[in-house]
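Participant: Attaching a single structure in structure tokens format; questions to follow.
The values are calculated or read from the model by the stated rules, or taken from the named source; none is laboratory data. Computed from a predicted structure; not experimentally measured. Because the Cβ atoms are built from the backbone with ideal geometry, glycine has one as well, and the counts that use them run over all protein chains shown.
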Amino acid sequence: MSADLTTTVAGLELKNPVIAASSEATATPDQIRACLDAGAAAVVAKSVNESAAAHANLRAAEYVLLDESLRPRPLGPAQRTDSLFCRSGLLEVELEEWAETLAAIDREAAAHDAYVVPSLIVADLDRAVEAAATFERAGLRWLELNVGAPHASEAPEGIGAGVELVRRIRKAVSLPLTVKLSATDSAVDALAAGADAVCIATRAMGFLPDLETRRPVLGTFAAVGGAWALPLTLHRVAKTHVAHPEASIVATNGARDGLDVARLLLAGASAVAFATAVLTDGPAALTRAVDELAGYCEQQGAAVRELIGEAARHVQTYEEVAIERRH
Ligand SMILES: Cc1cc2nc3c(=O)[nH]c(=O)nc-3n(C[C@H](O)[C@H](O)[C@H](O)COP(=O)(O)O)c2cc1C
């Protein structure tokens, strides 16, 4: 018998919990279609806004994989022990046209029980409100707002951050809204501001001196992530789920395969968003994740919905464990 992989995020029914996260792997219609064809239940398009500074940062983007000894090499198929160290920016688009393009692919996606999700990062809040309304008018069915992008600390002109940005976007549209948070942003505040789901959590900033040149790798600070981040994401997700079991959580940062999806479900996420694995290994990483998760569910005899939060609900306090161990 095949496993039931269906789940619910922000009130929307998904055929499985595997999402292609916003990145340079979801920046064109062909890339988005490739992720849909690979079996993702939703594809979040590369984030956009009107900021020339953010567009210039995308043109100047650089990416390296770091092995377990922090030796850089070009982007390509990655090992689980690799980290991705990179600097990025935002896509320059004509907004109405971008909204129409995404809405057209979303209609194709709907026929396969999947979603295409536009993504916004705020530069000017009034412009972001207009952009959100443009996406809704175009017929898109779901919106993601990232208020926790790590690059905001280096590029504040083009990348706004902070949960206080949520309320006005929420008021401007009625479509389901996922708010993507940094590891220190408050999920409670995002939900109170009207988020239908929270995405936990964006990557951290890092720094790496090159031992030969004695200069920074990539020349700047840059965002960093790897499978090593998974327990940190699992902790944030579990804490949020235990405190707010009703909250709809998408997990991101550190998932590399289908067993990581299962771990994040057990921590309390309802879906998991992959970026690095798609950038390094292509959309096939999404197909593999769905297949591995299906295998895990079959082996456990459990549906995805039954896994959500199960491990988090069994976390004990240090005190409880100390008492138990005394007996
Ligand atoms: C090169 C790159 C570009 C990204 N661009 C965006 C973006 O435009 N908008 C956004 O919300 N997240 C962006 N992200 C964050 C990813 O969507 C994802 O949340 C994060 O990388 C953690 O997941 P991972 O461990 O699967 O990479 C980007 C990540 C990478 C690596």
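Conditions (1) touching a residue at least 12 places away in the same chain (Cβ under 8 Å); (2) away from the ligand (no atom under 11 Å from the Cβ); (3) more than 18 Å from Ala20 (Cβ to Cβ), marked per residue:
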residue: Phe85; (1), (2), (3): yes, no, yes
residue: Glu92; (1), (2), (3): yes, yes, yes
residue: Glu97; (1), (2), (3): no, yes, yes
residue: Thr101; (1), (2), (3): yes, yes, no
residue: Asp106; (1), (2), (3): yes, yes, no
residue: Ser119; (1), (2), (3): yes, no, no
residue: Ala128; (1), (2), (3): yes, yes, yes
residue: Gly139; (1), (2), (3): yes, yes, yes
residue: Ala149; (1), (2), (3): yes, no, no
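Participant: Ok, one more. Do any residues in region 211-240 that are β-branched (Val, Ile, Thr) have Cβ atoms under 8 Å from those of residues that are modelled with pLDDT under 95, where the two are at least six apart or on different chains, and which pairs are they?
Facilitator: What qualifies is Thr220/Glu154.
Participant: Hey, another quick one. Being touching a Ser or Thr at 6+ places or on another chain (Cβ under 6 Å) and within 11 Å of the ligand (Cβ to nearest atom) is the filter; apply it to region 252-278 and report the residue that is farthest from Ser23 (Cα to Cα).
Facilitator: Residue satisfying both the conditions and the ranking: Gly254.
Participant: Here is a follow-up. How about region 11-28: which of its residues are surrounded by fewer than 23 Cβ atoms within 10 Å (Cβ to Cβ) and within 16 Å of the ligand (Cβ to nearest atom)?
Facilitator: Ser23, Glu24, Ala27, Thr28
Participant: OK, next. Restricting to region 188-239, name every residue that is under 25 Å from Asp260 (Cβ atoms), away from the ligand (no atom under 13 Å from the Cβ), touching a Ser or Thr at 6+ places or on another chain (Cβ under 8 Å) and assigned to a loop (DSSP other than H, G, I, E, B).
Facilitator: Once the filter is applied, which keeps residues that are under 25 Å from Asp260 (Cβ atoms), away from the ligand (no atom under 13 Å from the Cβ), touching a Ser or Thr at 6+ places or on another chain (Cβ under 8 Å) and assigned to a loop (DSSP other than H, G, I, E, B), region 188-239 yields Ala195, Asp196.
Participant: Condition test on Val48, is it within 12 Å of the ligand (Cβ to nearest atom), in contact (Cβ under 8 Å) with a residue 24 or more places away in the chain, within 14 Å of the chain's Cα centre (by Cα) and closer than 19 Å to Thr101 by Cβ?
Facilitator: Taking the combined requirement at face value, the residue does not satisfy it.
Participant: Given the criteria under 14 Å from the mean Cα position of the chain (by Cα), among the aliphatic types (A, V, I, L, M) and within 25 Å of Arg87 (Cα to Cα), does Leu230 qualify?
Facilitator: Criteria met by Leu230.
Participant: Continuing with this model, one more query. Conditions: (1) within 19 Å of the chain's Cα centre (by Cα); (2) surrounded by fewer than 20 Cβ atoms within 10 Å (Cβ to Cβ). Glu164 meets all but one. Number of the miss?
Facilitator: (1)
Participant: Sticking with this one: Only one of these is under 21 Å from Gly11 (Cα atoms) and more than 17 Å from the chain's Cα centre (by Cα): Glu136, Glu157, Glu144. Name it.
Facilitator: None of the others qualify; the one that does is Glu136.
Participant: Hey, among the residues in region 279-295 that are surrounded by fewer than 19 Cβ atoms within 10 Å (Cβ to Cβ) and hydrophobic (A, V, I, L, M, F, W, C), which one's nearest to Ala21 (Cα to Cα)?
Facilitator: By that ranking, first place goes to Ala284.
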